[in-house]
1. Divide by every residue of chain A the summed helix terms, -39500 (n - 2.57) for each DSSP H run of at least 4, and state the resulting mean residue ellipticity at 222 nm, rounded to the nearest 500 deg cm²/dmol.
2. First obtain the Kirkwood hydrodynamic radius of region B:75-157 from its Cα pairs, then insert it into the Stokes-Einstein equation at 20 °C and 1.002 mPa s, and state the resulting D in µm² per second as a whole number.
3. Taking the Cα centre of chain A as origin, work out the dipole magnitude from +1 charges on Lys and Arg Cβ and -1 charges on Asp and Glu Cβ, in debye rounded to 20.
4. What average number of partner chain Cβ atoms lie no more than 10 Å from the Cβ of the residues making up B:61-71?
5. To the nearest whole percent, what portion of all C-alpha pairs in chain B is separated by more than 45 angstrom?
6. Give, ordered by residue number, each residue of region A:166-203 whose 1.4 Å probe accessible area is reduced by a minimum of 30 Å² on adding the remaining protein chains to the chain alone.
7. Within straight cross-link reach of B:LYS306, meaning Cα distance under 23 Å, which lysines are found once same-chain residues fewer than 8 apart are removed?
8. Between beta-carbons, use under 13 Å as the cut-off and find the net charge around B:ILE502, counting Lys and Arg +1, Asp and Glu -1.
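The values are calculated or read from the model by the stated rules, or taken from the named source; none is laboratory data. Just so it is clear, the model here is predicted, and its values are computed rather than measured. Every residue, glycine among them, receives a Cβ derived from its backbone with ideal geometry; neighbour counts consider all protein chains shown. For accessibility, only protein heavy atoms count, side chains too; no ligands or nucleic acids. Shrake-Rupley method; radii C 1.70, N 1.55, O 1.52, S 1.80 Å.
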Amino acid sequence: MSAQTLPVTTSGRRSGTRIVLGDWVALAFLAVLLLAIAAPSWIAAYDPLEVSPGNTLLPPSPAHPFGTDYLGRDSLSRVVHGTGRTIGASLVAVSIGLGVGSLLGLVAAYFGRWVDAVVSRIVDVLLSIPGLLLSMVVVVALGFGTINAAIAVGIASVATFTRLMRSEVLTVRNLPFIEAAHHIGAGPGTVLFRHVLPNSYTAVLSMTALQFGSSILWIAALSFLGYGAPPPHPEWGLLVAEGREYIVSSPWLTLLPGLVIVLTVLSISRVAALVRSQQEALR
Amino acid sequence: MTTSTSTALDTSTPAGPGHPGVPGPAAPSSRETLGGAGAGPDAPALRLEGLRIAYGHGGNAREVVHGVDLLLERGRTLALVGQSGSGKSTIAQAAGGLLPLSGHVTAGTIHVAGRDATAWTRSQWRSLRGTGVGYVPQDPLGSLDPLQTVGRQLGQALRLHTDATRATVAARAVELLEHVGIHDAARRLDAYPHELSGGQLQRVLIAIAIAGRPELLIADEPTSALDVTVQKRILDLLGELQRELGLAVLFITHDLALAAERSDALAVLNHGRLVDHGATRRVLAAPEDPYTRQLFADAPATSPDKYAERIEVLARRAGAGQDDAGARAGAAPDGSATGTGADAAVVVEGLVKHYGGAEGRPPAVDGVSFTLRRGSTHALVGESGSGKTTIARVVAGLEGFGAGRVVVDGRVLESRPQHANPYARQLQLVHQNPLAALDPKFSVRRSIEEPLRLHRTGPHAASDALRAGRVREVLERVALPAEVLDKRPRELSGGQRQRVAIARALVLAPDILVLDEPTSALDVTVQARVVELLFELREQQELSYLFITHDLSLVRQIADDVSVLERGRLVETGAVRRVFEDSGQAYTHRLIDSIPGRGAAAGQRKAQP
């Protein structure tokens, strides 16, 4: 059958299955980040904690690509050594938000009635408290530190995930194939995890990539306020916060770590989209 | 593909409502003024010559219409018949200047009322819209603005296309609505689209289309979203308007029987090419192309006796005991309720079902009783809102019910069914829309295998190998190739999807299938294959079908018994032959009269003795 005889409605596969240049760049950037987590001293030439009074606030140069801060520490080394702490904390935060949030949303939407009412009201309460305030309350209760800050940010993002998951599941659970699954004898658990979940997590996954970015920022904010990583240790948010005071005279101290955060967030969402389209093409 | 089919449609012979035109063999030769192209009063309403239309640009361009010639004289009806993907809607859009931006004419010409409209821009078309060409779309609700009253939208058409002023427009709108048969038109002007029924909306759209007194009306499947009785009334209205206003009508439809009944000339389209064309009578009596003959054979309305012998064989095998089994058992639900439960697959008695607990509203199902005999096909027929789908869902255990008794395979259903259906081995439901009823993330293999995994105790479900074998076996029985196993539902064609849905229903080897309009979304050729499959399955094993449909011609073709429903009430139930030939019910008569193409069927039989 020639192409001409195909009906008009036949649509091709998604074009996202090809890996384009942008994807390679994102993958390469994430590879560098992984290396920075695994072996930071391979990339960074200096000790991130080493103070050098003669070299304070140097602009970017071949010796110090990101410049130096107000104590003369190499900014690039601090960014590299801060990667593991920042990414790790964000992962913890996002996992808590995603895991708890999706489960609550799934259960609330699928079972409805009083389960939904209880979960939704809790979510309403959580959403009514400003996220940062909520995180601060939690981190004060748990004690200071990077991991505790991450847990606090995770708890503060549960409500968003619950909301999104709930609305997705509400759409899916009224589709005929869910009823068809019940009709052939599937119980609630089977239907929930085999049919409802796989058909509703797409939007939530996209949300996860976004949330990863904002977690980095929130954890940075908590560090800035003094609830997160204690000062001498490098952490991306802390670096941005420290640079703020010198933003007029030495803007690179804020801009370059900020750029790394932006690139990280973009790369993660790009790769997430790539993985999803590859999965769909494979199946 | 190489040569464009050249036509000179014979639409010039006179055709009255009662006697369609006699094909005059000399008529085509008399049309030699094609080159004249003058916009004179004799120019045909629509003329397409060697028309080719492609979608997309450059290397992605895909031609969907491959050189079509059509001629529509003033005041005539030309029916353009084809299946989905045949390009019929594309041609209609091109003739109305409504092609989407990705589509364009690559060769040939379009003449509307003698003027060459091939390369017209949108603004040029605008001058002709309403006053020259009216367009009646397929989906009435989607084609009206939901936030504006019907009167405003009609008024807009009047203001744009006629000399009506602010003062006179309301009176003209009422006049038009009355003209298209809307009662209480003055009050209806203030109604919003959602307040009107589908038939009324289609009437409003027709009123809008004829507001500017066009000479050519393009009707793109104007009734395919409507019930049969409404369809008949709308088409009658179009016929009246045509005679009154001297309209030329380009009637697009997939329903050959409908086209045959309602047109002077017929053009059959297949994959963007005209395969048969000419005066309707001539095409009916002697279809030239095998594709047209295939269409006639596949349309239930034009081949009502296709399965008559096989039905008799099956009925004898079912061995209901009597010679004329259908007439007795179907009409006697009382008898089967008392004792003969053994030969009844499904017994429904006095079923009542309310939706949403609203006592004020009439029930969706109100005291319906019927019996599905073992090994037979029982059709539930009715228009939308008749409760037929509700009954199917109750029988399938998907919905509870208020009062009455439902017995499936000897088991009395609870009035509030369990969430997860434990009786999947007895009865399976085949949904109307297989694409919606199959999990989009599941491969065909997983979808068919799923019931086996859930019911591991059965003979075919114990091990992976047994299950895989059973899946292949069922796949073979629904005549699907093994390649589809790893595909997703959306990668299949409509007919394949419905086969997958049937395979999934059959994999547990149930005795009863509830089929909820299983073919209503399919083209007639695909429908014919699915129906054929249903017969083969019945011949291989004893199966009882509860067949929900709105298509009476299909019922006549395939069912043993039929129950006619109207607004939740049972009008009558009995053997198909008795109901069709000798019904005392006015409603049943009205439904039967709405089957299109009854004349066409007669013509076919005469032509092929």
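1. Numbers: 10 runs with 191 residues, N = 283.
It lands at -23000 deg cm²/dmol.
2. Rounded, D is 145 µm²/s.
3. Details: 16 positive and 13 negative charges, 189 e Å.
Dipole magnitude for chain A comes out near 900 debye.
4. Working: counts 1, 7, 3, 5, 0, 2, 0, 0, 0, 0, 0.
The shielding value for this peptide is 2.
5. Numbers: 44841 of 185136 pairs.
Tail of P(r) above 45 Å: 24 percent of Cα pairs.
6. A:PRO176, A:PHE177, A:GLU179, A:ALA180, A:HIS182, A:HIS183, A:ILE184, A:GLY185, A:ARG194, A:HIS195, A:ASN199
7. Qualifying lysines at Cα under 23 Å: B:LYS606.
8. Values: positive: B:ARG477, B:ARG497, B:ARG499, B:ARG504, B:ARG529, B:ARG538; negative: B:GLU476, B:ASP516, B:GLU532, B:GLU536.
With Lys, Arg at +1 and Asp, Glu at -1, the neighbours total +2.
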